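Reviewing the structure listed below.
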Amino acid sequence: MASDPEQPTLSSLGKVGKSSGEIGGVEEPLLNGGTHTSENYSIASAIFPFLFPALGGLLYGYDIGSTSCATISIKSATSSGISWYNLNSVDIGLITSGSLYGALIGSVLAFNIADFLGRRRELILAAFLYLVGALVTALAPAFAVMVIGRFVFGIGIGLAMHAAPMYIAETAPSHIRGQLISLKEFFIVLGMVAGYGIGSLLVDTVAGWRYMYVASTPLAVIMGIGMWWLPASPRWLLLRAIQGKGSMQELRETAICCLRRLRGEAIGDTAPVKVDEILDELAVVGEEKEVKLIEVFRGKCLKALTIGAGLVLFQQITGQPSVLYYAASILQSAGFSLASDATRVSILLGLFKLIMTGIAVLVVDRLGRRPLLLGGVSGMVISLFLLGSYYIFLDDVPVVAVAALLLYVGCYQLSFGPIGWLMISEIFPLRLRGRGLGIAVLVNFGANAIVTFAFSPLKEWLGAGILFYVFGAIAVLSLVFIFFIVPETKGLTLEEIEAKCL
């Protein structure tokens, strides 16, 4: 393209009209006492600003699924295709968790560079790291090189999981913001199912693990090119404008062009008015102030951090890895012969998770965030106590375990799965959204690493039944946290969330 999408021209704007699904909003009060203009947009113009960032989630999910099969392939003397196949448990652990530790580093990097780079450039960098990490892993001539590749890929995960929800939240129309960010969770699960499926097809192929990892590279290229083509987040541009990090007039004009590309022709002549409304609301809530690190832990910023970090912490410590760990044995005990194949179990549960996440996507902007969280986590509590009882009292009634397993997976995908990522993307004030979401993502991956590491020792020490009771008690605490701390953000603009909920 002749011009950088960061500086779009009016002639480059997409031509999308009523036939593409033009939708008009309703006027709502402004924070300064006026009223919002109608939030007009077309469905067609909203597809790509969601799709290309969401590919970052798809690649994250694919890595989870494919790695579970790759670790089987790489240990095989006959099909690994390498001389260093005799790997011990620590080596396999490094392959499995290398991307997780890379994601932790990526979260720390995102904390420091997000507001400087912007959401779009951060996603371009994530796509580049996805590509490099996958290629280094797939072509690794030695174990150490493979671990480096896994680590690089993981840094891409950390950046993508940080920037994708921000970009989608800041560019999506407020009436479908919840659906689009929840749909990103759907893409993660879709990636997992694809990873399990492709991995199961290649697991017996010579050097199949190399093909599993290289299979992700086309998507990384598409993601990078797509993000290069997309415009910058108008809200990020306006934040830089009011903080004096560029010419107010130039950044305002660029934000108007970006908003027109994001909304399509349906926005008509209202783009300048919408941009001015956002500027006015940012001024009302004090976004012109420069962020200092200590501010993240004060006032409304601390409240946002408590809500966001609390949700993703409970998302990880309410037992999801443990429940999935027992999925194969639970289904086997109920007489499902296919359950002897862990990969098939993963695919079956992945498909079920896809269905439940799809339901959450359809209803999140109608029912709201709190009802899904409260209802879903309540179901998780019941299922965890049923699982605990099965392993202590009811081991001769496997139908209880199967019902509890499906109840847990379904309720998780209706609540913590999509809503956790949705809330952290919209709850932070704009000027500290990059840093706040960076901390939340760091908490997410850090808690994931701790739970993964601690699960086996805790299982041996407490036993499966008591461990599920502990997770059930933690889930009860998360219910209390959601009921008293987490606000409802359905239908509010990001600026209204900051003004009314924090």
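The values are calculated or read from the model by the stated rules, or taken from the named source; none is laboratory data. Just so we're clear, the structure is a prediction, and the values are computed from it rather than from any experiment. Positions of Cβ are backbone-derived with ideal geometry, glycine not excepted, and every protein chain shown enters the neighbour counts. The accessibility values were calculated without ligands, DNA or RNA, using every heavy atom of the protein model including side chains. Shrake-Rupley method; radii C 1.70, N 1.55, O 1.52, S 1.80 Å.
Reported count of residues in segment 352-403, each being more than 23 Å from Ile474 (Cα to Cα), free of Cβ contacts under 8 Å to residues at least 60 places away in the same chain and open to solvent by less than 20 Å² (accessible area, probe 1.4 Å), is 0.
From the list Arg235, Arg240, Arg177, Arg210, the one residue that fits, being of a type in the set (D, E, K, R), under 28 Å from Glu281 (Cβ atoms), open to solvent by 10 Å² or more (accessible area, probe 1.4 Å) and touching a residue at least 60 places away in the same chain (Cβ under 8 Å), is Arg235. Of all residues in segment 294-327, exactly one satisfies the criterion of being without any contact (Cβ under 8 Å) to a residue 12 or more places away in the chain and either surrounded by 22 or more Cβ atoms within 10 Å (Cβ to Cβ) or among the aromatic types (Phe, Trp, Tyr) (or both), namely Phe297. The number of residues in segment 74-101 that are within 28 Å of Ala127 (Cα to Cα) and either open to solvent by 70 Å² or more (accessible area, probe 1.4 Å) or under 28 Å from the mean Cα position of the chain (by Cα) (or both) comes to 11.
If we keep just the residues of segment 155-176 that are at pLDDT below 95 and more than 14 Å from the chain's Cα centre (by Cα), which is nearest to Ala266 (Cα to Cα)? Among those that are at pLDDT below 95 and more than 14 Å from the chain's Cα centre (by Cα), it is Pro173. Has segment 448-468 got any residue that is open to solvent by 40 Å² or more (accessible area, probe 1.4 Å), among the charged types (D, E, K, R) and out of contact with any Phe, Trp or Tyr (no Cβ under 7 Å at 6 or more places or on another chain)? Yes, segment 448-468 contains at least one residue that is open to solvent by 40 Å² or more (accessible area, probe 1.4 Å), among the charged types (D, E, K, R) and out of contact with any Phe, Trp or Tyr (no Cβ under 7 Å at 6 or more places or on another chain).
Out of Tyr130, Tyr60, one residue alone is in contact (Cβ under 8 Å) with a residue 12 or more places away in the chain, open to solvent by 10 Å² or more (accessible area, probe 1.4 Å), in contact with a helix residue (DSSP H, G or I) (Cβ under 6 Å, 6 or more places away or on another chain) and of a type in the set (Ser, Thr, Tyr). It is Tyr60.
Per-residue answers, yes or no, for (1) of a type in the set (Val, Ile, Thr); (2) within 19 Å of Ile168 (Cα to Cα):
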{"site": "Val381", "(1), (2)": "yes, no"}
{"site": "Leu384", "(1), (2)": "no, no"}
{"site": "Tyr391", "(1), (2)": "no, no"}
{"site": "Leu394", "(1), (2)": "no, no"}
{"site": "Phe416", "(1), (2)": "no, yes"}
{"site": "Phe428", "(1), (2)": "no, yes"}
{"site": "Leu432", "(1), (2)": "no, yes"}
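Criterion applied to Ala70, Ala110 was being in contact with a His (Cβ under 8 Å, 6 or more places away or on another chain), aliphatic (A, V, I, L, M) and under 29 Å from Thr357 (Cβ atoms), and the one residue passing it is Ala110. If we scan segment 122-138, do we find a residue that is among the acidic types (Asp, Glu), at pLDDT below 95 and more than 13 Å from the chain's Cα centre (by Cα)? Scanning segment 122-138, I find no residue that is among the acidic types (Asp, Glu), at pLDDT below 95 and more than 13 Å from the chain's Cα centre (by Cα), so the answer is no. I need a count of the residues in segment 194-216 that are touching a Lys or Arg at 6+ places or on another chain (Cβ under 8 Å) and of a type outside the set (S, T, N, Q). Of the residues in segment 194-216, 0 are touching a Lys or Arg at 6+ places or on another chain (Cβ under 8 Å) and of a type outside the set (S, T, N, Q). Only one entry of Leu123, Leu104 meets the criterion of being open to solvent by 10 Å² or more (accessible area, probe 1.4 Å) and of a type outside the set (D, E, K, R), and that entry is Leu104. Lys500 fulfils the conditions (1) closer than 28 Å to Leu362 by Cβ; (2) at pLDDT 85 or above; (3) open to solvent by 30 Å² or more (accessible area, probe 1.4 Å); (4) of a type outside the set (Gly, Ala, Ser) except for a single criterion, (2).
Can you find a residue in segment 447-467 that is on the phi < 0 side of the Ramachandran plot and within 16 Å of the chain's Cα centre (by Cα)? Scanning segment 447-467, I find at least one residue that is on the phi < 0 side of the Ramachandran plot and within 16 Å of the chain's Cα centre (by Cα), so the answer is yes.
In segment 413-424 there is at least one residue that is part of a loop (DSSP other than H, G, I, E, B) and either free of Cβ contacts under 8 Å to residues at least 12 places away in the same chain or open to solvent by less than 10 Å² (accessible area, probe 1.4 Å) (or both).
The set of residues in segment 213-232 that are out of contact with any Leu (no Cβ under 7 Å at 6 or more places or on another chain), crowded, with 22+ Cβ neighbours inside 10 Å and under 30 Å from Ala271 (Cα atoms) comprises Leu230, Ala232. Counting only helices (runs of 4 or more DSSP H) wholly contained in segment 229-287, the ones carrying 3 or more residues that are out of contact with any Asp or Glu (no Cβ under 6 Å at 6 or more places or on another chain) and of a type in the set (Val, Ile, Thr) occupy 271-284.
In segment 474-492, is there at least one residue being closer than 24 Å to Trp236 by Cα, out of contact with any Asp or Glu (no Cβ under 7 Å at 6 or more places or on another chain) and modelled with pLDDT under 90? Yes, there is a match, as at least one residue in segment 474-492 is closer than 24 Å to Trp236 by Cα, out of contact with any Asp or Glu (no Cβ under 7 Å at 6 or more places or on another chain) and modelled with pLDDT under 90. Residue pairs, Cβ under 6 Å, 6 or more apart or interchain, first in segment 264-281 and modelled with pLDDT of 80 or more, second part of a helix (DSSP H, G or I) and open to solvent by 40 Å² or more (accessible area, probe 1.4 Å). List them. Between residues of segment 264-281 that are modelled with pLDDT of 80 or more and residues that are part of a helix (DSSP H, G or I) and open to solvent by 40 Å² or more (accessible area, probe 1.4 Å), the close pairs are Ala271/Arg260.
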